[in-house]
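Colleague: Got a structure here, written out as structure tokens. Questions coming.
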Amino acid sequence: MGTVKRRKRRAPIRLESAHHFRTIQASMARFVPRNLHLVDLIRTKRQLHWRPSNEELRKGFRGWHQRGYLPHFDAPNVTQMVTFMLADSFPVARRAEWEPILRGTNDSVKRRKLEEWLDRGHGNCWLRQEKAARIAEAVLLEKDGRDFQLQAWVIMPNHVHLVIDVWDVPLTKLIGLWKGKTSRLINLTLKRRGHLWQEDYFDTLVRDERHLKKARHYTEANPARACFVKDPRSWRWSSAGRRDDYERLPWQRGEVTERGVYAAPGIDGSSNLSRSSIAGHGDSEAA
């Protein structure tokens with residue numbers, strides 16, 4: 001009677017720590033789903049709309065593209081309305097509430113419902129803390145008037161709205177730089193670890209002057225719409241309070257500092273972010 005070969009049993013996968021588990025979760029979250037409806041939409045838009053030249057492609061402009069969830073447009077010399085949100089603003093525990101929104105096929109309706117969800121203030125809302133909000137606004141304003149022009153902005157407890165004139169730096173790159181620097185500085189300040197921002201973001205191409213006016217109003221009215229304040233001008237982390245009686249921002253009044261349009265408040269309330277804290281933080285979280 002022959003001997004029976006015994007197969008070696010593979011040792012069970014062992015999660016060394018909570019950090020190891022979070023790393024695996026993050027890797028899974030980076031998987032980009034193949035959304036056939038979205039693929040077809042992008043293909044059609046590329047055929048009918050603007051496409052980048054070879055020089056613009058070298059700079060990083062991608063025209064119409066997608067990351068598996070939402071359509072994105074990236075081109076020079078356009079105005080975009082942008083929203084990006086904190087990593088835990090769509091909690092897994094409430095997935096049954098927000099997941100059906102993602103299954104919608106109308107991108108405009110989907111975006112509106114997702115932004116309504118954001119205004120409910122789910123998650124840890126790290127940007128509710130003054131130190132974190134100050135850092136986020138300082139980083140956004142740091143190169144305003146040099147690499148791009150902000151038409152409006154607001155820092156909400158768990159997300160950020162912007163209306164931005166894109167110049168020669170691709171929107172995707174700008175968002176990656178903002179996310180990377182704010183992640184590093186806010187994590188250091190709040191003594192936390194891990195991803196701060198969601199992978200994806202919303203962007204809407206502003207079509208004309210009327211659309212621009214609506215986009216600015218929508219952005220600056222967000223705190224009042226979410227019932228945090230009655231008057232949008234009283235929300236500290238917003239462009240609303242910086243407008244004069246003629247609705248002009250400082251750059252529209254010709255007020256420019258040596259650092260750019262704004263001498264943005266830093267981590268300690270000074271007019272500059274600490275050089276030591278910024279140096280070497282060109283690393284970016286995925287936009």
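Each reported figure results from applying straightforward, stated rules to the coordinates on display, with no laboratory input. These numbers come from a predicted model, not from an experiment. So basically every Cβ, Gly included, is an ideal-geometry build from the backbone, and we count neighbours across all protein chains shown.
Colleague: Applying a 10 Å radius around every beta-carbon, put 187-198, 214-225 in order of their mean neighbour count, most first.
Modeller: Peptide ranking by packing, descending: 214-225, 187-198.
Colleague: Still on this structure, I have one more. What ranking, highest mean first, results for peptides 127-136, 174-183 when packing means the other Cβ atoms within 10 Å averaged over each residue?
Modeller: The densest-packed peptide leads the list: 174-183, 127-136.
Colleague: Go through the range 137-143 residue by residue and turn each phi into a ³J(HN,Hα) via Karplus (6.51, -1.76, 1.60, θ = phi - 60°); whole Hz please, and just put x for glycine and proline.
Modeller: Coupling constants for the range 137-143: 5, 4, 5, 4, 8, 4, 10 Hz.
Colleague: Listing D168, D88 from the residue with the fewest other Cβ atoms within 10 Å to the one with the most, what is the order?
Modeller: In increasing order of surrounding Cβ atoms, one gets D168, D88.
Colleague: Same structure again: Under a 5 Å amide H to amide H cut-off, with H placed in plane at 1.01 Å, what residues pair with H161 once short-range neighbours are removed?
Modeller: Here V154, M156 satisfy the definition.
Colleague: Quick check on packing: order 158-166, 204-212, 143-151 by the mean number of other C-beta atoms within 10 Å, highest mean leading.
Modeller: 158-166, 143-151, 204-212
Colleague: Would you mind checking which residues have amide H under 5 Å from V78's amide H? H placed 1.01 Å from N; only 5 or more apart, or other chain.
Modeller: When sequence neighbours closer than 5 places are left aside, the close amide H contacts are V166.
Colleague: Can you work out ³J(HN,Hα) from phi for every residue in the range 164-174, in order, using Karplus 6.51 cos²θ - 1.76 cosθ + 1.60 and θ = phi - 60°, giving whole Hz and x for Gly and Pro?
Modeller: 10, 7, 8, 9, 9, 9, x, 4, 4, 5, 4
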